[in-house]
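The values are calculated or read from the model by the stated rules, or taken from the named source; none is laboratory data. Note that the structure is predicted; figures quoted are calculated from it, not measured. Note: ideal-geometry Cβ built from the backbone for every residue, glycine included; neighbour counts use all protein chains shown. Please note that ligands, DNA and RNA were not included when accessible areas were found on the heavy atoms of the full protein model with its side chains. Shrake-Rupley method; radii C 1.70, N 1.55, O 1.52, S 1.80 Å.
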Amino acid sequence: MQDFNGLDWDDLKVFLHAARGGSLGSAARRLRVDQSTISRRIAHLESTLGIALFERLPSGLRVNEAGDRLLCHAERIESAVIAMREDVQCGGTQMAGRVRLATMEGIASLYLAARLSRLRRQHPHLTVELLTSPQTVSVNRREADLFLSFFQPRGQGMVSEQLGSFRLGLYGARDYLDREGMPDSAADLARHSFVTYIDDLIQLDSVRWLDDIIKTPNVSFHSNSMIAQMNAAAGGIGLVLLPSFAVEGRRDLMPVLPRQLSTSRELWLNVHTDLQFVPRIRAVSGFLKATFKADPTMQANTSGAQLLDALMDGEHLKPVIPAQRLQGAAAMERAAPRRTTRL
């Protein structure tokens, strides 16, 4: 027998996290309780409604048809609770609270972390949780408040805004280049070794950036960490393709063919529609927008010919590019979201 008067928001909250995470354990970790509490809450909710909401599988939990219908209603209730909480909290004079920002390891560790102190000075009662992830983080599932990505994610209930773009180039350690020789052209790369990601562990195609430069590299070192790749290359194990922000201030890595080979990625900030106007979220998103807009290295021009001009900035001599190559590059840009200059 269904007793909707007995519905408990805490039960619905547990249901939401279990449905999104697909297991008791993931819900327990997110809510910081033990799995028995999660199991008890779900059982209480199912008893209250008089229906089962999940299929219990060896791999975890999967919402059934009834659970899927409840999920839509529960998310609307969650949105209303968030809006109510923010409205009440914003009645004070101080900007306060937590904001979880998710992004890739490299830009989090090598770019954002050192700059967040400025946000802290502006809003001393605002706390940022910087989450690094090698995969897409869903703001729709409340896995984070903001997701800074190298591509525009697809999905409903989400607002995405492009904040800029950055270039990537080849780099090598001086001792490696002294030993193996500095390449004079793209054709010379066939005799060099490279550092890159572990292919079967790549969860985002946007980091397959070495493919933009060379299709069949001789790989001497694999890692799922961009920072580990950078340090391995600095140790002389091979050439590595790195974002411009990663090599800022480093003297142990030298650019390789900077006027001939480069690629770029876009920067997108993504937020759930329910949170886009929340003051604490707007404070962090506004800070990110201002930071990237003010940094020329994060506003790389991503069209093929103009990117080449940017790379050749300050030089009077510029290479002549065959027309068919420019046409091919233009076709590649139309066919894929990744922007590449490949000579």
Practice prompt. Could you list, in sequence order, all residues of region 192-219 that are open to solvent by 50 Å² or more (accessible area, probe 1.4 Å), over 21 Å from the mean Cα position of the chain (by Cα) and either modelled with pLDDT under 95 or small (Gly, Ala, Ser) (or both)?
Written response: Lys215, Thr216
Item to complete: State whether the residues of region 57-66 include one that is part of a helix (DSSP H, G or I) and modelled with pLDDT of 90 or more.
Response: yes
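Here is a yes/no grid of residues against (1) in a strand (DSSP E or B); (2) open to solvent by less than 30 Å² (accessible area, probe 1.4 Å); (3) farther than 21 Å from Val139 by Cα; (4) modelled with pLDDT under 90:
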{"site": "Arg29", "(1), (2), (3), (4)": "no, no, no, yes"}
{"site": "Ser39", "(1), (2), (3), (4)": "no, no, yes, no"}
{"site": "Ile82", "(1), (2), (3), (4)": "no, yes, no, yes"}
{"site": "Val88", "(1), (2), (3), (4)": "no, no, yes, yes"}
Worksheet item: Among the residues of region 41-69, which ones are open to solvent by less than 80 Å² (accessible area, probe 1.4 Å) and among the polar types (S, T, N, Q)?
Response: Thr48, Asn64
Practice prompt. For region 138-203, please list each of the strands (runs of 3 or more DSSP E) lying entirely inside it that holds at least 1 residues being farther than 26 Å from Leu261 by Cα.
Written response: 146-149, 158-172
Discussion item. Take Asp252 and tell me if it is in contact (Cβ under 8 Å) with a residue 24 or more places away in the chain, more than 30 Å from Arg76 (Cα to Cα) and of a type in the set (Asp, Glu).
Written reply: yes
Worksheet entry | Evaluation of Ala52 against (1) at pLDDT below 90; (2) aliphatic (A, V, I, L, M); (3) not in a helix (DSSP H, G or I) (one fails), failing number | (1)
Discussion item. I'd like the residue in region 113-126 that is open to solvent by less than 50 Å² (accessible area, probe 1.4 Å) and not in a helix (DSSP H, G or I) and, out of all such residues, is farthest from Ile202 (Cα to Cα).
Written reply: His123
Worksheet item: Can you name the residue in region 167-185 that is open to solvent by 10 Å² or more (accessible area, probe 1.4 Å) and touching a Ser or Thr at 6+ places or on another chain (Cβ under 7 Å) and is also farthest from Asp295 (Cα to Cα) among such residues?
Response: Gly169
Discussion item. Checking the structure you have, find out if any residue of region 222-229 is at pLDDT 95 or above and farther than 15 Å from Gly106 by Cα.
Written reply: yes
Worksheet item: Being basic (Lys, Arg), surrounded by 14 or more Cβ atoms within 10 Å (Cβ to Cβ) and at pLDDT 95 or above, is that true of even one residue in region 282-295?
Response: yes
